[in-house]
1. Taking θ = phi - 60°, what integer Hz values does the Karplus form 6.51 cos²θ - 1.76 cosθ + 1.60 yield along the stretch B:100-105, in sequence order, with x for Gly and Pro?
2. Please give the calculated 222 nm ellipticity per residue for chain B, where each DSSP H segment of at least 4 residues contributes -39500 (n - 2.57) and the sum is spread over every residue; nearest 500 deg cm²/dmol?
3. Counting other beta carbons within 10 Å of each residue's own, what order do B:C42, B:C142 fall into, fewest first?
4. If each residue of separation counts as 0.36 nm, what is the full-extension length gain between A:D57 and A:A146 once their alpha-carbon separation is subtracted?
5. Straight-line reach from A:K135: which lysines fall under 25 Å, measuring Cα to Cα and dropping same-chain residues less than 8 apart?
6. Amide H to amide H under 5 Å from A:F133: which residues, 5+ apart in sequence or cross-chain, H placed 1.01 Å off N in plane?
7. Evaluated at 37 °C with a viscosity of 0.692 mPa s, what Stokes-Einstein diffusion coefficient in µm²/s does the stretch A:14-136 have when Rh comes from the Kirkwood expression over alpha-carbon pairs?
8. In what sequence, highest mean first, do B:130-136, A:126-132, B:90-96 appear when ranked by Cβ atoms within 10 angstrom?
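Please treat every number below as a calculation from the coordinates, not as lab data. None of these values were measured; they are calculated from a predicted model. FYI the Cβ positions are ideal-geometry reconstructions off the backbone, even for glycines, and counts take in every protein chain you see.
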Amino acid sequence: MLTLADLTALNQSQAIVIYTGWERHALVGSDIRLSCSFFSWRWTSEDVTFSWTYRPDGSRDSISIFHYTGGVPYVDNKGPFRDRLEFVGNPGRRDGSILLKNLDFSDNGTFTCDAKNPPDIVGRPSSVRLLVFEKVPIQAGVITGAIIGVVLGLLVLIVAIYYLMRFLVARRVFNLSVRSVPGLCPAALCQPGLQ
Amino acid sequence: MLLILLGVLILHLIILVLLFVSTAANAWTVGGSSSTDLWYNCLTTNGGYHCRPASNEDWIQAVQALMVLSVLFCFFSLIAFVYQLFRLVKGGRFFFTAIFQILASLFVMCGAIIYTVMGPQGDSSASYGYAYVLAWVAFPLCLISGLIYIVLRKRE
């Protein structure tokens with residue numbers, strides 16, 4: 001017989017899991033696709049719903065901007081994204097992604113996707129943070145790698161040149177002592193036994 | 001002579017450890033509930049310990065590179081010291097060791113200065129952590145150690 005603990009554990013493992021990105025970067029004026037997909041132990045039902053809410057940076061209120069239910073997507077027609085939001089997801093494939101067009105700095109904020117797949121409705125909405133930039137920031141680690149690479153490369157180069165010089169000087173001494181044939185070289189230039 | 005050598009070697013090892021801990025530890029800036037280092041910003045909320053990669057800004061990448069380079073150069077100077085200990089002619093100076101050690105101290109100084117100037121201006125309760133202090137402590141130690149190597153002469 002199943003105890004209460006077993007039942008709750010069973011329900012936890014059957015909760016719906018929603019995946020969005022963690023953070024998205026975009027340039028001003030560009031478009032961005034915010035992806036949202038979910039995992040559920042049930043087959044995708046016909047009553048599957050997706051809803052997106054938006055909370056601007058620095059504000060505590062969320063506003064609902066997209067809802068998909070009964071097979072029909074409803075996009076924002078009054079809020080900050082009217083005429084800029086498009087549904088590009090495929091609910092049959094558990095994809096509830098939206099496309100935001102013509103981004104501006106005021107679009108910085110957190111977008112939360114909530115998906116429900118009846119009867120599997122227990123789950124945590126997932127949030128993705130949107131950052132809009134004037135220019136794309138440098139990827140993490142590029143400058144670090146470049147500085148380290150250049151300095152170590154210079155080090156290797158200097159050591160190589162040092163040993164090369166030593167090697168060349170040794171060769172020149174060798175050549176000079178071979179070429180010091182009497183009568184051919186003036187005595188001032190070809191001194192035997194140069195150290 | 002042996003005592004001096006041992007002392008110098010121990011100082012070098014201490015500097016290497018300081019630099020390594022300073023580069024790796026997560027305590028350059030500590031606030032009320034957050035601590036940042038060169039690589040991660042971590043936040044302790046009642047839900048647990050959340051870490052995010054540090055900002056992509058250029059200056060923190062430069063500080064990362066300079067600290068890593070200082071650790072590497074200190075390590076190279078240690079190897080050069082051991083090598084020159086056995087291979088140097090009598091009366092010779094430990095120039096290679098000194099050059100690497102002084103370069104390492106220069107890198108630590110640059111890294112610490114850049115972090116001080118451009119440091120994350122987060123909450124007002126944030127203060128500098130022990131890893132930042134270690135970097136500043138390691139810099140004069142490293143410089144002194146390099147100068148000692150210039151002055152040191154190999155005797156039999």
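1. Here the 3J(HN,Hα) series is 5, 5, 5, 4, 4, 5 Hz.
2. Theoretical 222 nm ellipticity from helices: -22500 deg cm²/dmol.
3. B:C42, B:C142
4. In short, 28.7 nm is gained.
5. Within the straight-line cut-off, A:K135 pairs with A:K101.
6. Residues meeting the amide H criterion: A:A26, A:L27, A:V28.
7. Translational D for this selection: 225 µm²/s.
8. In descending order of packing, they fall as B:130-136, A:126-132, B:90-96.
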